[in-house]
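What follows is a short report on a single structure.
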Amino acid sequence: MTAHRLFERSFDSLPAIVAFTAGVFSSEGIDPSLRTVVDLAIEELFTNMVKYSTGSRADVRIEMTAIDRGVEVTLIDYDVDRFDVTARPDVDVNLPIEQRKPGGLGLHLIRRLLDSIQYEYTESSRQSRITFRKTGAVSQAADQNKGG
């Protein structure tokens, strides 16, 4: 089952978003050890929507679905310009701090923490969809039991 909720395009919505994820994790029996990464990813993506899509006043829709060993999350942003988070260049974390440009570190981090992240944009409706998945590791014992 997919749970969803609309959130006002405001940094003040972050506590309500965290409460929403907590509720979905609890009601759907999603592994609680995944929640920190999921909350971080949602916060980073939602914050970017609020910060950079300033022309829209539409609420942001967040959908969460329990999947095998984890969760799939979709953030839908309405009446916005295209901003493909998957096309942003990686941050060169090996450069000395004096040579680095501000920005991009949050996206860099979540792309490494998530299993997958996808971006879709519908030009006609100016709708942006970011979908990501986070699952837990399967133990070797569980893998061996499947084969046996």
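Quick notes on this one:
- Any hit, segment 125-145, residues being at pLDDT 65 or above, at positive phi and not polar (S, T, N, Q): yes
- The strands (runs of 3 or more DSSP E) found wholly in segment 1-81 and carrying at least 2 residues that are under 17 Å from LEU107 (Cα atoms) and either of a type outside the set (A, V, I, L, M, F, W, C) or at pLDDT 95 or above (or both) occupy 70-77.
- Candidate set: segment 58-80, residues that are surrounded by fewer than 17 Cβ atoms within 10 Å (Cβ to Cβ) and of a type in the set (D, E, K, R); chosen: the one farthest from ASP39 (Cα to Cα): ASP79
The values are calculated or read from the model by the stated rules, or taken from the named source; none is laboratory data. Note that the structure is predicted; figures quoted are calculated from it, not measured. Cβ: placed from backbone, ideal geometry, glycine included. Neighbour counts: every protein chain shown.
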